[in-house]
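Notes for the one structure printed next.
The values are calculated or read from the model by the stated rules, or taken from the named source; none is laboratory data. Predicted model, so just to flag it, every value in this text is computed and none were measured. Note that we place each Cβ from the backbone using ideal geometry, even for glycine, and neighbour counts take in every protein chain shown.
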Amino acid sequence: MDDKPSPGTLNENSEFLFSFGVIADIQYANLEDGYNYQGNRRRYYRHSLLHLQGAIEHWNKERILPCCVLQLGDIIDGYNAQYKASEKSLELVMNVFQMLKVPVHHTWGNHEFYNFSRDYLTNSKLNTKYLEDQIVHHPETVTSGNYYAYHFVPFPKFRFILLDAYDLSVLGVDQSSPKYQQCLKMLREHNPNLELNSPQGLSEPQFVQFNGGFSQEQLNWLNEVLTFSDTNQEKVVIVNVILSNSHQAISCRQRSETQDPSIQTLLIRHCGNEESAKENENYYPLSLEKN
């Protein structure tokens, strides 16, 4: 038997450093209960707001507050767009988040893009890039502005990196734009189905319309930030929505770790299996410890 403790276990020699909260798939809508796209999971649209309130109450009552909360996308459901309720529903959810005593970092999933354009999101409260860390004398660690990604330091020697999982996507961009045409061409090359949301018969089922990917530009930026973290002996938390080429981001990290095996990574991904808020308590306080 392996007596080695699991990564999440605190032993008597561990020193508590900090904690952070994670929540995903709130998918609020002022609608009666329904089902997901496949029709095999029940969704509790209104009830999700109660679970968000419960999560925030839990975090606010912690003896040692978490340093922040990571909101991993799909904050409101795509049905809001059909009923022209996107802005109102987002406002309701964001008003609940105002109860939180610590900063919240938002990532964007497919449901954000069902409701809003990328330009809208960039200018909305879901853009938390103002919380990013500015590394002096390292301009290569600053994003170009062509994608929504940033990094921050919640505790010395720990760096969190939020990635834009829909950097390459047909969602949220003008259909007349070159980027849309590029992404649509890539999608059709890998998915011959008339219904591009269907993975039926695909050897690479991630190539569906509701998914997305990283541009090479974003991957290059990620590599620069990881190189800085390696050089400065930082532990890294990568926050991501699972997507078509997420393995490339993992490869960036693996290359860095071969350079310095003392650097550790925690990859948090919203896997998009569309579990509803009522089916499971989908908020988790996570802790990091010093070895």
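Picking from residues in the range 166-181 that are without any contact (Cβ under 8 Å) to a residue 12 or more places away in the chain and not charged (D, E, K, R), the one that is nearest to ASN240 (Cα to Cα) is TYR180.
Considering the range 157-190, the residues that are in contact with a Lys or Arg (Cβ under 9 Å, 6 or more places away or on another chain) and not in a loop (DSSP other than H, G, I, E, B) include one that is surrounded by the most Cβ atoms within 10 Å (Cβ to Cβ), namely LEU162.
In the range 137-151, of all residues being crowded, with 18+ Cβ neighbours inside 10 Å and touching a residue at least 40 places away in the same chain (Cβ under 8 Å), the one that is nearest to ASN223 (Cα to Cα) corresponds to THR141. Scanning the range 11-62 for residues that are among the polar types (S, T, N, Q) and in contact with a strand residue (DSSP E or B) (Cβ under 9 Å, 6 or more places away or on another chain) yields ASN11, SER14, SER19, GLN27, ASN36, SER48. All of (1) at pLDDT 95 or above; (2) over 23 Å from GLY212 (Cα atoms) hold for TYR44 with one exception: (1). Look at GLU87 and say whether it is modelled with pLDDT of 95 or more and surrounded by 12 or more Cβ atoms within 10 Å (Cβ to Cβ). Answer is yes for this residue.
Would you confirm, using the coordinates I've provided, whether PRO154 is surrounded by 20 or more Cβ atoms within 10 Å (Cβ to Cβ), touching a residue at least 24 places away in the same chain (Cβ under 8 Å) and more than 15 Å from LEU52 (Cβ to Cβ)? Yes; evaluated as a whole, the condition is true for this residue. Scanning the range 191-240 for residues being in a loop (DSSP other than H, G, I, E, B) and within 20 Å of ARG118 (Cβ to Cβ) gives a total of 9.
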